[in-house]
Amino acid sequence: MPKKATQFVADLRDNVDAWYDGRIDYEAFTARQRETWSAIREAGPAVEQRVHRALRDQMRLANLDGLTR
């Protein structure tokens with residue numbers, strides 16, 4: 001079964017978390033990001049658009065949250 005956009009977004013977030021937590025080094029982080037983005041592109045433009053939209057929405061929310069503190 002092909003992955004959905006939400007699963008790809010979770011993969012990206014898990015990879016970033018692993019990097020920040022020190023569970024993986026930069027080389028592993030980069031390889032995982034490259035793998036995930038390749039899989040996103042292979043899933044097709046509709047999935048890639050949904051991933052981009054979800055990431056933009058998360059950034060907007062984070063920026064709004066930062067403004068209220």
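The values are calculated or read from the model by the stated rules, or taken from the named source; none is laboratory data. Quick caveat: nothing in here was measured; it's all calculated off a predicted structure. Glycine also receives a Cβ, built like all others from the backbone with ideal geometry; neighbour counts cover every protein chain displayed. To get the accessible areas, we keep the full protein, side chains included, count just its heavy atoms, and leave off ligands, DNA and RNA. Shrake-Rupley method; radii C 1.70, N 1.55, O 1.52, S 1.80 Å.
Within segment 3-20, residues that are in a loop (DSSP other than H, G, I, E, B) reach partners that are β-branched (Val, Ile, Thr) with beta carbons closer than 8 Å, at six or more positions or on different chains, in the pairs 3/47; 4/47.
Condition first: open to solvent by less than 40 Å² (accessible area, probe 1.4 Å) and either under 11 Å from residue 4 (Cβ atoms) or assigned to a helix (DSSP H, G or I) (or both). Now tell me which residues in segment 39-53 satisfy that. Outline the logic, then answer.
So in segment 39-53, the residues open to solvent by less than 40 Å² (accessible area, probe 1.4 Å) come out as 39-40, 44, 47, 51.
Listed by number, the residues that qualify are 39, 40, 47, 51.
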